[in-house]
Each structure stands twice: as structure tokens, then as C-alpha cells.
Amino acid sequence: MSFLCQRDSWAREFTTRVVSCCPAQLPAKNSGKKETLQGFHVILEDTILFPEGGGQPDDQGVINGIPVLRVTRRGSDALHFVQTPIEPGTEVQLVLDWDRRFDHMQQHSGQHLITAVAEQMFGFKTTSWELGRQQSTVELETRSVTADQVAALEETVNNKIRARIPVVVHHLAEGEAEGDGVRSRGLPDDHTGPVRIVSIEGVDANMCCGTHVSNLSDLQVIKLLGTEKGKKNKTNLVFLAGNRVLKSLAQSHATEKALTSLLKCGSEEHVEAVKRLQNSLKQLHKNNLNLQRDLAVLIAQQFKSNPAREPVFMLHRKDGDSEFMNMVANEIGTEETLLFLSVGDEKAAGLFLLAGPIEAVEKLGPRVAELLKGKGAGKHGRYQGKATCMNQREAVHALIREFINHGSSER
């Protein structure tokens, strides 16, 4: 059987009746964490909400105002997952999320068109496709697709869109559908009854359960974004169809306006302006590195020139990084001196380095990280890491001095 969404992909509202409502669970993610939602699977006499299949995601919508969170197919039934039970026999009103549906129709019909033309022009067969949230991908059975081939393919599919070619859905008996040039990747194991064929007149005929536009002109335009390396001996062709092209253009225009304001130049100069900024940044980094090295040398000289210096050196700087701390440690030397260096916010997060005799660093390193509520690791006399409580530095100083004094008394 086919659902109303497949018989009339343009239907947005529909009145039907509940056949059954059974407890069910739905795996989901909340803020990146997996969870299981408790709810119900509702089966209706018919539905305008498409259950996922054929590479097309499911529809969204409401049943009597109750959100439908997922629609899947089980045999000839569509299972609507809701979190509020609905009594069997109840007459209900379905309302479809049309924007989502029409987007899926455009991407799916666009995929059929791209697939058919790519095979006709270059012999590239489609082995799978993905309708993504931002862009869609057709997997082609070829090691590579040239830029010229992409351009020719894009021009051809858009010419067919402008030709206003009808897209027609009809049904054939399973035996009839196996011939007559109908493309297919096989039927589901639980399929029964006639086979649904989606035809782009004079271009393609394909077994498909998805929802589609009724004319290629409904696609508006297709933009091929280029290719990516796919699985073994395959190439992924990335595309946008219809409203996604317009949304992408609007986003690109907004980005271009922002860059024009920031870079103080026209869009045609953006690339060169960014290159100049990158070169300036590299030079600034080089200059900063030289200054840090000079500062590290001065700090080390000042420490070494002190005749009353202790066998411990501690320093905190708000500005700096791991490289700076290691420079200071290298200049002072760590064979006889125990160093505790830190950079970053004096009361919040930052970086730290404990360097010195191997035995001392191995014993004190984890304890320093614990006091600073951070994490670290080390070897060969250096233990460094990230800290979240730099205001605990005094506790670290006390720990190090106690260790030094204890060691001195033992000697």
C-alpha cells in the first residue's frame, strides 16, 4: 500500500482516524547525551507524514496538536511516535511541517535528476546518497570526477529544470518493474503489492518510496558544490537544490558584507586582504617569540646573578604560554633548581610547569595539579598541564618550600 503522502506529496493537512496506540520508546540525544524517550506508536488509517526510507528522512508535524517526533515504517504501517496517548477510533487532524517536507522533496527529486544525468553523460552510477541537514551527497561509482565534468553536469541538470519536465508517479506489478529500464537498488524485504515508480519524463524511471516534486521547475535550481573522496574507488558529489541554494546565497552574501566591513575593501579583494593579515600574524608571532626568548634570558640572568639564590624558582605571568615557560626553564637549568612557572589568569584558569630534578618532579607533579584543580603529565623532569584555580598558587609554593626544606634537613 502507499500512504497519502506518497499519493499526493503536496497535501499539508488531513483528517483520519487512529487505528492503534501502543507504548514505545525512542532513542534520542539531548545536548549531545543519549537518552530514551518514553511514548507511544500511533498507527493511523492513512497519513500525510512520510516515514523515513529511500534515503529520505521522515516528516515532522502534529496530530491534534501533539508533536510527532518520529515516523517510521513497519510493513504496511506508518508508526507515529508521540508522547501523549491517543485513543483508538479517535478522529484526528494531521498538520504537516511543510517547509521541511518541501525541502526534502526538492533534494530527493534533485538527486534523481543528478543521478540519471551523471549516468547518461559519463556512465557514473550512483551507489548511495545522503540527504543531509545542510547539503546532500550523491555517491558515484568512479574514482574521480573532473571539474569540467562537474560544470557540464550542473549545466545539463539546470537546463532540464528550465525545460519544465514533468515528474510522474505510477505503480507497476513487481515483475513489470524489473524491466523497462527502471533503476532500482532492490525492494525492502517486507515489501508487498505494486511497486512505486517515480519518472522524470524522458530522463529517468526509478523505484522509489519518497516524496517528490511534480515538475522539475519546482526544483528552481541545482548547485553542485564539488566533489570529495568517497569510499574505495568512489567519489562523493555534494549538491544543493531549490531553496537551499537561495539560503546558501543569502548566508554567503551576509558573510561577504561582514568581511567587507571588517577588511575595509571590496569582495574581490577579500582573499588578498586575508593573505596579508595571515602574513602579518606570522610576523607578529615571530616577533613575540623573539621577545619571549629575550625576556626568558633576562629572567634567568637575574636569577643566576643573585649570590643568595635558593634552589627553587617560582614565577607567574598573566601573559605567556607553554613555550615561554619552557624557555625560562631551559635558560635557568633544571638539574639543581626546582622551578614552578605559571601563566594565565591569576585567579582562574591557566597553564603551569614544574621542572627540576626528576625525583622531585615525579613526586610533586600530580600534587601540584591537584592543588590547582587541573590536569597534567610529564617525563624527564618536566610536568606541565592546565589548571582551573590559579588562586591556589600560594598552596603550591608552600608545598614546594616544604619539600625543599625537608630535603635539606635530611641532607
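Readers should treat all values here as calculations from the given coordinates under stated rules, not as data from a laboratory. The structure presented is a predicted model; accordingly, all values stated were derived computationally and were not measured. So basically every Cβ, Gly included, is an ideal-geometry build from the backbone, and we count neighbours across all protein chains shown.
For the stretch 254-411, give the share of DSSP beta bridges that are antiparallel, in percent and rounded to the nearest 5; count only bridges with both residues there. Present the calculation step by step, with values, prior to reporting the outcome.
Details: 17 of 23 bridges.
Among the beta bridges of the stretch 254-411, antiparallel pairing accounts for roughly 75 percent.
Given Cα pairs under 8 Å that are at least 6 residues apart, what percent is the relative contact order of the chain? It would help to have the intermediate numbers written out before the result.
Values: 727 pairs, mean separation 40.8, N = 411.
Over the chain, the number comes to 10 percent.
Just add up the charged neighbours of His316: K/R +1, D/E -1, any other residue whose Cβ is under 12 Å from the Cβ of His316. Before the final figure, lay out each step's value.
Working: positive: Arg317, Lys318, Lys347, Arg393; negative: Asp319, Asp345, Glu346, Glu394.
Surrounding charge for His316 is 0.
Do any of Lys257/Lys347; Lys282/Lys363; Lys33/Lys373; Lys282/Lys379; Lys286/Lys386; Lys29/Lys373 go past 28 Å between their Cα atoms, and which? Mind dumping the intermediate values first?
Details: Lys257/Lys347 40 Å; Lys282/Lys363 39 Å; Lys33/Lys373 25 Å; Lys282/Lys379 31 Å; Lys286/Lys386 24 Å; Lys29/Lys373 30 Å.
Long pairs (Cα-Cα over 28 Å): Lys257/Lys347; Lys282/Lys363; Lys282/Lys379; Lys29/Lys373.
Quick check: Cα centre of the stretch 330-397 to Cα centre of the stretch 233-311, how many Å?
Measuring centre to centre over Cα atoms gives 30 Å.
Starting from the amide H of Asp46, placed 1.01 Å from N in the peptide plane, find each other amide H under 5 Å away whose residue is 5 or more places distant or on another chain.
So Asp46 has HN proximity to Arg17.
Packing-wise, with mean Cβ within 10 Å as the measure, how do 380-390, 306-316, 236-246 rank, highest first?
Working: 380-390: 18.6, 306-316: 13.0, 236-246: 20.6.
So the peptides 380-390, 306-316, 236-246, ranked by packing, come out 236-246, 380-390, 306-316.
With θ taken as phi - 60° and the coefficients 6.51, -1.76 and 1.60, list the Karplus ³J(HN,Hα) couplings across the stretch 107-122 in order, rounded to whole Hz; mark glycine and proline as x.
For the stretch 107-122, the Karplus-derived couplings read 5, 5, 5, x, 5, 4, 5, 4, 4, 5, 6, 4, 6, 5, 7, 10 Hz, x marking Gly and Pro.
If amide hydrogens are placed 1.01 Å from N in the peptide plane, which non-local residues have theirs closer than 5 Å to the one on Gly230?
Thr235, Asn236
Taking H placed 1.01 Å from N in the peptide plane, check which residues at least 5 places from Met314 or on another chain put their amide H under 5 Å from its amide H.
Excluding prolines and chain starts, which carry no amide H, the hits are Phe340.
Of the listed values (1) 20.7, 62; (2) 33.0, 99; (3) 23.2, 72, grab the one calculated as Rg and Dmax of the Cα atoms in Å from the structure here.
(2)
Quick one: net charge of Phe3's neighbours, Cβ under 11 Å, K/R +1, D/E -1?
Its environment carries a net charge of -2.
When the Karplus curve 6.51 cos²θ - 1.76 cosθ + 1.60 is applied with θ = phi - 60°, which whole-Hz ³J(HN,Hα) does each residue of the stretch 213-224 get, with x for Gly and Pro?
3J(HN,Hα) across the stretch 213-224, in whole Hz: 5, 9, 8, 4, 5, 5, 6, 6, 6, 10, 10, 8.
If Rh is defined by the Kirkwood formula over all Cα pairs and Rg also comes from Cα, what ratio Rg/Rh do you get for the stretch 9-131?
Numbers: Rg = 16.9 Å, Rh = 16.0 Å.
We get a ratio of 1.06 for the stretch 9-131.
Using θ = phi - 60° and the Karplus curve 6.51 cos²θ - 1.76 cosθ + 1.60, what whole-Hz ³J(HN,Hα) does each residue of the stretch 297-303 get, with Gly and Pro shown as x?
These are the phi-based 3J(HN,Hα) values: 5, 5, 4, 5, 4, 5, 5 Hz.
By how many degrees, 0 to 90 and rounded to 10, does the Cα axis of helix 243-263 deviate from the longest principal axis of the chain?
In the chain, helix 243-263 runs at an angle near 30 degrees to the longest axis.
Given only helices, namely DSSP H runs of n ≥ 4 each adding -39500 (n - 2.57), what is the per-residue ellipticity at 222 nm of the chain, to the nearest 500 deg cm²/dmol? Show your work: numbers first, answer last.
On the way: 9 runs with 148 residues, N = 411.
Result for the chain, helices only: -12000 deg cm²/dmol.
Counting pairs of alpha carbon atoms under 8 Å apart in space and at least six apart in sequence, what relative contact order in percent does the stretch 102-250 give? Walk me through the numbers on the way to the answer.
Working: 260 pairs, mean separation 48.2, N = 149.
Once normalised by length, the contact order is 32 percent.
Any idea what angle helix 393-410 forms with the longest principal axis of the chain, computed on alpha-carbon atoms, 0 to 90 degrees, nearest 10?
50 degrees
Return, for the Cα atoms of the stretch 126-165, the radius of gyration and Dmax in Å, separated by a comma.
12.2, 33
How many times 2.2 N^0.38 Å is the alpha carbon radius of gyration of the stretch 283-411? Walk me through the intermediate numbers first.
Numbers: Rg = 14.3 Å, N = 129, 2.2 N^0.38 = 13.9 Å.
Cα-based Rg divided by the globular estimate yields 1.02.
Under a Cβ-Cβ cut-off of 15 Å, what is the net charge of the residues other than Phe239 that fall near it, where Lys and Arg count +1 and Asp and Glu count -1? Walk me through the intermediate numbers first.
Values: positive: Arg133, Lys160, Lys223, Arg244, Lys247; negative: Asp103, Glu130, Glu139, Glu154, Glu155, Glu228.
Here the charged neighbours net out to -1.
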